[in-house]
Amino acid sequence: MSKGRHSIADLKVMDAALRGKSAFSSWSSAAMSKLLAHSYVGRHSRGNVFSSELQAPAQTFLIISGEALAACVFPQRERFAVMLLGPGVMMGIAQALGSPNRAAYDFSAHSEVVAIHMPTLLLLEILDADPLLWKEMMLMTVRQHADHVGMLRSQIEGALQRRVASTIERLAALYGNRIAEGGGVRLQLSQSNLAEILQANRQAIHKELKALANAGVIGLEYNALTVLDQDALKRMVDRATA
């Protein structure tokens, strides 16, 4: 989809997805139309870096479907994966507010990703024109930040066994797809990406996943897994934390 032209279908998709978020639900038709006129729906294949804070102009995106892998890029260009992001997450607005010397992020499609891409400076301009809109934007951003802090804690606290179980539990709760009643929660997550975000050896990750699978807690697939027993997974996390 080009950035200058929109199909009626894409305009409806963007309007519905944005108004489904608390930060945009009270926007006037005029404000929303102004933002959508300069936004577009991006459809990104697995592995593509579809947004980067190292590029200008600043861009904000909202994930509609799929999962993205966020990677931290330091000024020396060292890069490492940080976390998995799923539907409903909005990223990029901090690029216009942060220090130019801080670590930046880029975002690649972990699975097929559909996202709304918005010019950050225009977004800020619309918010500044009606300061009441900032309240809901900040509340949504704070809630999202709390989720991300919890995710990072899952990834770094404790022994590897706990980190693997806790990370899977939280990701499944945030972004997992329930298969059917009693069928478990499917999570699009490869062993290599799990090893990357946990900064761990892939063989060690494979060992921990096999142990969870042998216990009947998860089922392993190619580039995905299914949480079969959420209660048992939580008990494992709790025992490892105690």
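The values are calculated or read from the model by the stated rules, or taken from the named source; none is laboratory data. Since this is a predicted model, take the numbers as computed values, not measurements. FYI the Cβ positions are ideal-geometry reconstructions off the backbone, even for glycines, and counts take in every protein chain you see. We work out accessible area using only protein heavy atoms, side chains counted, and drop any ligands, DNA or RNA first. Shrake-Rupley method; radii C 1.70, N 1.55, O 1.52, S 1.80 Å.
Place a +1 charge on the Cβ of each Lys and Arg in the chain and a -1 charge on the Cβ of each Asp and Glu, then give the dipole magnitude about the Cα centre in debye, rounded to the nearest 20.
Numbers: 25 positive and 21 negative charges, 54 e Å.
Rounded to the nearest 20 debye, it is 260 debye.
Report the calculated FRET efficiency for residue 238 and residue 12 (r = Cβ-Cβ distance, R0 = 41 Å), to the nearest 0.05. Intermediate values should be presented prior to the final figure.
Values: r = 44 Å, r/R0 = 1.07.
Efficiency, from the Cβ-Cβ distance: 0.40.
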Quiz item: How large is the Kirkwood hydrodynamic radius of the chain, in angstrom, based on all distinct alpha carbon pairs?
Solution: 19.1
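Carbon and sulfur: what percent of the chain's accessible surface (1.4 Å probe)?
On the way: 6610 of 12290 Å².
Here carbon and sulfur together make up 54 percent of the probe-accessible area.
What longest region of the chain stays clear of GluC sites (Glu not before Pro) that DSSP places outside H, G, I, E and B and that have at most 16 other Cβ atoms within 10 Å?
On the way: sites that count: 78, 112, 157, 181.
Value returned for the longest uninterrupted segment is 1-77.
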Quiz item: So how far apart, in nm, are the two label points at residue 220 and residue 72 if each is 7 Å from Cα heading toward Cβ?
Solution: 2.9
Quiz item: If you bin every alpha carbon distance in segment 163-214 into 5 Å steps from zero, what whole percent lands in each bin?
Solution: 4, 19, 28, 27, 14, 5, 2
Quiz item: Using only the Cα atoms of segment 1-94, what do you get for the radius of gyration and for Dmax, in Å?
Solution: 14.5, 44
Quiz item: Shape call for segment 143-242 from the C-alpha gyration tensor, a ≥ b ≥ c root eigenvalues: rounded (a/c under 1.5), prolate (a/b greater than b/c) or oblate?
Solution: rounded
Practice problem: Using only Cα atoms, locate the centre of segment 161-236 and the centre of segment 16-78, then give the distance between them in Å, rounded to an integer. | Solution: 27
Exercise. Just tell me which lysines come within less than 19 Å, Cα to Cα, of residue 12; anything on the same chain fewer than 8 places away is out.
Key: 3, 21, 34
